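Chemist: Below is a structure I'd like to ask you about.
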Amino acid sequence: MGEISSYKNLLIWKKGIDIVKFTYQLCKSFPKDEVYGLQSPIKRSAVSIPSNVAKGYGRSYTRSYIQFLRISRGSLLGLETQTIIAKELNFVTDTDYKTMSGLITEKCKMIYAFLRSIEKSKNY
């Protein structure tokens, strides 16, 4: 992937890890009976975001990489929906919701820009 020697050097991956850490912190405020309810899919969606960036990076084929980035974006939008539900159920504070929304918006823009740059630079 050009000059980048590892997916761990990608800002898009690092920001995904930030979302995972914030998500796990956020879930601590959920009611105990939500451990297997909404909390579980929220955590899975969050973990899927940087995981798919890493998986895509590991592919030597550009189309596969693009597909994994799209999966990452889908997980991000799933996380956004789950966060909205958590907010509607009063599991998260307004402040935490705004913080998560900001992280999601930033990450969504990053994925979109990264996808466009790959699509433009490669004749896939």
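The values are calculated or read from the model by the stated rules, or taken from the named source; none is laboratory data. Since this is a predicted model, take the numbers as computed values, not measurements. Every residue, glycine as well, gets a Cβ built from its backbone with ideal geometry; the counts of neighbours run over all protein chains shown.
Chemist: Out of the residues in segment 53-96 that are surrounded by fewer than 16 Cβ atoms within 10 Å (Cβ to Cβ), charged (D, E, K, R) and more than 17 Å from residue 9 (Cα to Cα), which is modelled with the lowest pLDDT?
Modeler: Among them, the one singled out is 63.
Chemist: Based on what the data block shows, is residue 63 in contact (Cβ under 8 Å) with a residue 60 or more places away in the chain, assigned to a helix (DSSP H, G or I), basic (Lys, Arg) and within 14 Å of residue 114 (Cα to Cα)?
Modeler: Judged against the criteria, residue 63 is a match.
Chemist: Taking residue 118 as meeting all but one of (1) assigned to a loop (DSSP other than H, G, I, E, B); (2) touching a Ser or Thr at 6+ places or on another chain (Cβ under 8 Å); (3) more than 26 Å from residue 28 (Cβ to Cβ), write down the number of the exception.
Modeler: Result: residue 118 passes all but (1).
Chemist: Please work out which residue is farthest from residue 81 (Cα to Cα), limiting yourself to segment 10-49 and to residues that are free of Cβ contacts under 8 Å to residues at least 40 places away in the same chain, among the β-branched types (Val, Ile, Thr) and surrounded by 13 or more Cβ atoms within 10 Å (Cβ to Cβ).
Modeler: Across segment 10-49, the extreme among qualifying residues is 17.
Matching residues to (1) part of a helix (DSSP H, G or I); (2) touching a Ser or Thr at 6+ places or on another chain (Cβ under 8 Å); (3) over 21 Å from residue 112 (Cβ atoms); (4) basic (Lys, Arg):
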residue: 13; (1), (2), (3), (4): yes, no, no, no
residue: 17; (1), (2), (3), (4): yes, no, no, no
residue: 37; (1), (2), (3), (4): no, no, yes, no
residue: 68; (1), (2), (3), (4): yes, no, no, no
residue: 71; (1), (2), (3), (4): yes, yes, no, no
residue: 90; (1), (2), (3), (4): no, no, yes, no
